[in-house]
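Student: I'd like to ask you about the structure that follows.
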Amino acid sequence: MPLAIDVHDLVKRYGSRTVVDHVSLAIEQGRICGFLGPNGSGKTTTLRMICGLLTPDGGGGTCLGHDLVRERDAIKRQAGYMTQRFGLYEDLTIRENLEFVGRVYELDRLKERVDGALERLGLATRQGQLAGALSGGWKQRLALAACVLHEPKLLLLDEPTAGVDPKARRAFWDEIHAYAAQGITVLVSTHYMDEAERCHEIAYIAYGELMARGTADEVIAQSGLTSYIATGPGADRLAPKLRDAPGVTAAAAFGATLHVSGPDRERLLAAIAPLRTDSIKWTEAPPTLEDVFIHLMGRAHDNAPGG
Amino acid sequence: MWARLIAIVIKEALQLKRDRLTFAMMFGVPIMQLLLFGYAIDTDPRNLPTAVIAADDSQITRTVLSALANTGYMRFTHRPASEAEANALLQRGEVQFVVTIPSDFTRRLVRGERAQIAIDADATDPMAAANPLAAAQPAIMQALARDLVGPLAGLRARPDAVELVLQRRYNPEGKARLNIVPGLLAVILTMTMVMMTALAVTRERERGTMENLLAMPVRPIEVMIGKILPYVVIGSVQVAVILFVSRLLFDVAIEGSVALLALGTALFIIVNLAIGFTISTVTQNQLQAMQASIFILLPSILLSGFMFPFRGMPVWAQWLGETLPATHFMRLVRGLMLKGAGFGDVTGELLALLAILLIVTTVAVSRYKVTLD
Ligand SMILES: Nc1ncnc2c1ncn2[C@@H]1O[C@H](COP(=O)(O)OP(=O)(O)OP(=O)(O)O)[C@@H](O)[C@H]1O
Ligand SMILES: [Mg+2]
């Protein structure tokens, strides 16, 4: 499979701050890659560099076979970028927005395409409303419809489902999988774990550095994390006692149970040993993606200058 | 190229249509200013304060003075004892005119020699001086015709029995300055056109739509022309409205070629739009864009010859004025509307506008970034 995105050592600095630090990313055509990382970790900045909106201060590569810097126009024509902040015109109607986008991409059969998009969106009856009057979730769906209108080969989606209800989110992901099946590559940033699990692969970035890469299972396996689950009366109330214990990266209550994880099995066991009582049962469990991400975030923080 | 350009034009036009307030302002403001300037600033003021030095007190002198007063333009407020005192009054602006009747006036008139009356006018505001001076001579002649009876009746037939010596002080060349309409055209167009485009682009940045626009394959020149075109139409309509209202209310007609006026106006509008676009490439938000527009607008009012006579300004200010499109446009419109100038007379101004356009467009296109850097 050819690589849809093949960038290496991307660097972006704002003043003296390095916001993206030597990030390399290769994604095969037709794959859905989830882009995760804490707030301010550089996801949006990386996406902007990939779609030609920002010039990298270092590194480079290709996107759909076109050079990131020199062939911006070609990339822009074949990629669809959905901005994190709503980027359509609130003072234009839903239909006018779609028509504008269609005209900018010089699409033929404009009316037909716009009608089709409105139909799929379920907004055909509201097409005359101003986009600014839509609720947050509907704005997101309109923005997605606008960025796939020109049938791009690559979708760069920046938190497309922020504020979208579960049913619409599911529909949204079904749609993304349908695009992937057609051979469209998707790089999508998200903060939702369930969405990360629906991706073919994951890239995790923290403080501008790429920390993990691979399928969800690979990322979990690479982390070398051990997790235990405590059940029994009052298990969930043990979290504060464990959170700062040595060898524990995360301790969080899930309903009546407690999840604890740490990178070193022996030290984790030592930490929970005093809490082993007759009424509370400890069992080892595979770590979740969330455990891994919290662990990675902590590790990156230790490395971060001044952090 | 064309499809993308049209896409932007349609989008801008739709947004403009939705922005009712701005839309109303673009037509309301010019008419309001026109009425304000046209009516509030009386171009034909009456009862102007006048000083009289009458060294010769006779029946005929009194006739002449009352004739001047009866024109309604002059009101005798001062009777200075000397010419120096009268000059000081004029200098301070306490009087608009000084009427001097020499001591030998009656004697010369009776003898059939030419008798002189001097009127010195403060012509800093040429409008204020023009009508009273024009009315003075016929008024005097008429009054004398009535009063020259008996042995003096023979003088009646002589139209040059009394010679009026007029002297315009301070602004001798400001004669036919029908400044207001050309000046307003320039100022209103500068104001709305520069500001509107400057805001149109910075608004995209402020609302976050710029990122989306830049992610699409539009070229800077397409965005620029696409954003400018709808305003060219608006500007043209503004001009038409101003010209129509001036014609209707102030009876200001176009002496020269209408086509030439249209050409000059179109050029001027485009220059202003390009300036607005350039402003938007260097400012971050709408407030900054607004301030930068005012930064252009103020000199356009003060240094273009609209507010003060161009030749009355210091040399450095004149140089600054020459760089402003409003200066050249105002000259062009004045020439065309008032003096009936032809193409040859205005090529200089057209070329100057073209040169400014070229420079500004180059700056705009080179400053407009296709990235968010
Ligand atoms: N134009 C800019 N000037 C200065 N700093 C910037 C600029 N844009 C982004 N940054 C900084 O770069 C860092 C990364 O920002 P970025 O928007 O890429 O994060 P993100 O991963 O998308 O975060 P989030 O999940 O909150 O969207 C942040 O610390 C941010 O403050
Ligand atoms: Mg972001």
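Student: Protein chains only, probe 1.4 Å: how do B:E255, A:E159, B:E85 rank by accessible area, largest first?
Tutor: Numbers: B:E255 125, A:E159 30, B:E85 90 Å².
The ranking, largest first, comes out as B:E255, B:E85, A:E159.
Student: Let me ask another. Across the range A:42-57, in residue order, what do the Karplus-derived ³J(HN,Hα) couplings come to in whole Hz, using 6.51 cos²θ - 1.76 cosθ + 1.60 with θ = phi - 60° and x for Gly and Pro?
Tutor: With coefficients 6.51, -1.76 and 1.60, one gets x, 5, 4, 4, 5, 4, 5, 5, 5, 8, x, 8, 10, 8, x, 7 Hz.
Student: Given the -39500 (n - 2.57) contribution per DSSP H run of 4+ residues, what per-residue ellipticity at 222 nm results for chain A, rounded to the nearest 500 deg cm²/dmol?
Tutor: One gets -10500 deg cm²/dmol as the mean residue ellipticity at 222 nm.
Student: Residue by residue through the range B:350-361, what is 3J(HN,Hα) from phi via Karplus (6.51 cos²θ - 1.76 cosθ + 1.60, θ = phi - 60°)? Round to whole Hz and write x for glycine and proline.
Tutor: Along the range B:350-361, the couplings run 4, 5, 4, 4, 4, 5, 4, 4, 4, 5, 5, 4 Hz.
Student: Highest mean first, what order results for A:280-291, B:183-194, B:218-229 on Cβ atoms within 10 Å?
Tutor: Final packing ranking: B:183-194, B:218-229, A:280-291.
Student: Can you give me the long-range amide H partners of A:G60? Hydrogens built in the peptide plane at 1.01 Å from N, cutoff under 5 Å, separation of 5 or more residues or another chain.
Tutor: A:H8, A:L10
Student: Evaluate the relative contact order of the range B:259-373 (contact order divided by residue number), counting alpha-carbon pairs under 8 angstrom at least 6 apart; express in whole percent.
Tutor: 38
Student: Suppose R0 equals 51 Å. What FRET efficiency, 1/(1 + (r/R0)^6) with r the Cβ-Cβ distance, do B:L351 and A:R126 give to the nearest 0.05?
Tutor: Once the sixth-power term is evaluated, E becomes 0.45.
Student: I need the calculated FRET efficiency for the pair B:F295 and B:I31, taking r as the beta carbon distance and R₀ as 22 Å, to the nearest 0.05.
Tutor: 0.30
Student: Could you provide, to the nearest whole Å², the per residue accessible area of the protein assembly as shown with probe 1.4 Å?
Tutor: Ligands and nucleic acids excluded, the figure is 45 Å² per residue.
Student: Out of A:T46, A:V186, A:G163, whose Cα points farthest toward the positive end of the dipole of chain A (charges: +1 Lys, Arg; -1 Asp, Glu; placed on Cβ)?
Tutor: A:G163
Student: Which pairs break 22 Å Cα to Cα here: A:K241/A:K281; A:K139/B:K369; A:K153/B:K227; A:K111/A:K167?
Tutor: A:K139/B:K369; A:K153/B:K227; A:K111/A:K167
Student: List every residue whose amide H lies under 5 Å from the amide H of A:R85, counting only residues 5 or more places away in sequence or on a different chain, with H placed 1.01 Å from N in the peptide plane.
Tutor: Sorted by chain and number, the residues that satisfy this come to none at all.
Student: What is the helix-to-structure angle for A:94-104, meaning the angle in degrees between its Cα long axis and the longest Cα principal axis of chain A, kept from 0 to 90 and rounded to the nearest 10?
Tutor: 70
Student: What is the spin-label model distance, in nm, from A:D194 to A:R265 if the labels are put 7 Å beyond Cα along the C-beta direction?
Tutor: The answer from the label model is 3.3 nm.
Student: Could you check the spin-label model distance between A:A181 and B:S236? Points 7 Å from the Cα along Cα→Cβ, value in nm.
Tutor: Using points 7 Å along Cα→Cβ, the separation is 5.3 nm.
Student: Still on this structure, please answer the following. For B:R247 and B:Q91, FRET efficiency with R0 = 35 Å and r from the beta-carbon atoms, rounded to 0.05?
Tutor: For R0 = 35 Å, the calculated efficiency reads 0.35.
Student: Now for a separate question. When all protein chains stay in place, what accessible area (Å², nearest 10, 1.4 Å probe) is found for B:L320?
Tutor: 90
Student: Quantify how strongly other chains surround peptide A:74-83 by giving the mean number of their Cβ atoms within 10 Å of each of its Cβ atoms.
Tutor: Mean inter-chain Cβ contacts per residue within 10 Å come to 3.
Student: Moving on. Note the full-extension length gain between A:R237 and A:D174 as 0.36 nm times their separation in residues minus their Cα-Cα distance, in nm to one decimal.
Tutor: Length difference between fully extended and current span is 18.9 nm.
Student: Please sort by residue number the GluC sites (Glu not before Pro) in the range A:53-124 whose DSSP state is loop and whose Cβ has at most 14 other Cβ atoms within 10 Å.
Tutor: Passing sites in the range A:53-124 do not exist.
Student: In whole Hz, with x marking every Gly and Pro, tabulate ³J(HN,Hα) for the range A:179-188 from phi via Karplus 6.51 cos²θ - 1.76 cosθ + 1.60, θ = phi - 60°.
Tutor: So the Karplus estimates, Gly and Pro as x, are 4, 4, 5, 7, x, 7, 8, 10, 10, 10 Hz.
Student: Grab the alpha carbons of the protein assembly as shown, take their convex hull, and tell me the volume per residue in Å³.
Tutor: It is 223 Å³ per residue.
Student: Once label points are set 7 Å from the Cα along Cα→Cβ at both A:T62 and B:F343, what is their separation, rounded to one decimal in nm?
Tutor: With each label placed 7 Å out from Cα toward Cβ, I get 5.6 nm.
Student: Continuing with the same structure: Over the whole of A:102-115, what's the average partner chain Cβ count within 10 Å per residue? Rounded to a whole number, please.
Tutor: 3
Student: Let me ask something else. Under a Cβ-Cβ cut-off of 14 Å, what is the net charge of the residues other than A:A221 that fall near it, where Lys and Arg count +1 and Asp and Glu count -1? Each step should come with its number before you reach the end.
Tutor: Working: positive: A:R213; negative: A:E201, A:D217, A:E218, A:D291.
With Lys, Arg at +1 and Asp, Glu at -1, the neighbours total -3.
Student: Sticking with this structure for a sec: What is the local net charge at A:G58, summed over the other residues whose Cβ is closer than 12 Å to its Cβ (Lys, Arg +1; Asp, Glu -1)? If you can, show how the numbers build up before the last one.
Tutor: Details: positive: A:K12, A:R13; negative: A:D9, A:D21, A:D57.
Residues near A:G58 contribute -1 overall.
Student: So, one more: Given H placed 1.01 Å from N in the peptide plane, which residues other than close sequence neighbours of A:S227 have an amide H under 5 Å from its amide H?
Tutor: A:A285
Student: Mind checking which of A:G214, A:G163, A:G122 has the largest fluctuation in a GNM of chain A, springs on alpha carbons under 10 Å?
Tutor: Between A:G214, A:G163, A:G122, it is A:G122 that shows the largest mean-square fluctuation.
Student: Sum -39500 (n - 2.57) across every DSSP H segment of at least 4 residues in chain B, then divide by the residue count to get the 222 nm mean residue ellipticity, nearest 500.
Tutor: Value at 222 nm, helices only: -20000 deg cm²/dmol.
Student: While we're on this one: Taking 8 Å as the Cα distance limit and 6 or more residues as the minimum spacing, I'd like the relative contact order of chain B as a percentage.
Tutor: The normalised contact order for chain B reaches 18 percent.
The values are calculated or read from the model by the stated rules, or taken from the named source; none is laboratory data. Since this is a predicted model, take the numbers as computed values, not measurements. Using ideal geometry, Cβ is built from the backbone for each residue, glycine included, and neighbour counts are taken over all protein chains shown. Only protein heavy atoms, including side chains, enter the accessible area calculation; ligands, DNA and RNA are left aside. Shrake-Rupley method; radii C 1.70, N 1.55, O 1.52, S 1.80 Å.
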